[in-house]
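Worksheet: the structure to be examined is printed underneath.
The values are calculated or read from the model by the stated rules, or taken from the named source; none is laboratory data. Just so it is clear, the model here is predicted, and its values are computed rather than measured. Neighbour counts run over all protein chains shown; Cβ positions are idealised from the backbone, glycine included. Please note that ligands, DNA and RNA were not included when accessible areas were found on the heavy atoms of the full protein model with its side chains. Shrake-Rupley method; radii C 1.70, N 1.55, O 1.52, S 1.80 Å.
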Amino acid sequence: MTDSSTTPLDPDDLGALAEAGTATVTTQLFKLGLRNTFLAGLRTYGRPAKRMVGEAFTLRYIPAREDIDVLDVFDDYDHPQRLAVESVGPGQILVVDCRGEGRAASAGHILLTRLAARHAAGFVTDGTLRDIAGIDELPMPVYATGPAAMTNLALHHAVDMQLPIGCAGVAVYPGDVLLGDADGVVCIPRHLVASIANPAREQEALEAFLQQRVANGAPLRGTYPPDEATLRAYRAFTRPSAAAS
């Protein structure tokens, strides 16, 4: 597979993904044979008005070691954790590999406030966060497994960024696209974004129509999945002038 991490993404594709939910996108990826794309076990924090969509900027932690990970390391502004925060660009999502270890936080309120000020599209970790009450007020989507008061240095050593990582059991490569909503986060391989964006938007629109029919009393048979009569009704609903001609 060729490296697509530097190929620009089509804004229309990102807009289409922003209209689709993670359930829809995982289904589209499943159709292509990808079964392990959902970052399970994450909760959402912050006050986002929209779904989270953006390119992954990765940061990897390994287990801490007591003779290295002392508080003085934070005096270095080029510490990998700090450097990653100051390197994330607008529209990117900082994704942190904590190995699923949550007894010490992966970040806190000040660092995530800085990310929000840099117009990051979000923050995702398979670890925990400290100062969670403040984080919950940020105008930026944040996903983590929960709160923890202990500093990350107790259990985490930040080693590198912008390399492939594992987060919540899913492989995340720099430049992959992450979509987040109330259900959680799905990772979309960058080279597949153009293939699934519009089909995901179309699936979302069709399922909204089917949801309304079921709510109005329609049985599953013929409705979900839709038979030809239901599809004709959907086409008439979405394109009434075309259906009438």
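Which residues, taken from the range 136-180, are in a loop (DSSP other than H, G, I, E, B) and open to solvent by 50 Å² or more (accessible area, probe 1.4 Å)? Those that are in a loop (DSSP other than H, G, I, E, B) and open to solvent by 50 Å² or more (accessible area, probe 1.4 Å): ASP136, GLU137, PRO139, THR145, ALA149, MET150, GLN162, LEU163, PRO164, GLY169, TYR173.
When you look at LEU17, is it part of a helix (DSSP H, G or I) and either exposed (fewer than 13 other Cβ atoms within 10 Å of the Cβ) or modelled with pLDDT of 95 or more (or both), yes or no? For LEU17, the condition - part of a helix (DSSP H, G or I) and either exposed (fewer than 13 other Cβ atoms within 10 Å of the Cβ) or modelled with pLDDT of 95 or more (or both) - is met. Tell me whether the range 181-201 contains one or more residues that are in a loop (DSSP other than H, G, I, E, B) and of a type in the set (Val, Ile, Thr). No - not one qualifying residue is present in the range 181-201. Being buried (at least 17 other Cβ atoms within 10 Å of the Cβ) and either among the basic types (Lys, Arg) or in a loop (DSSP other than H, G, I, E, B) (or both) is a property that holds for PRO226.
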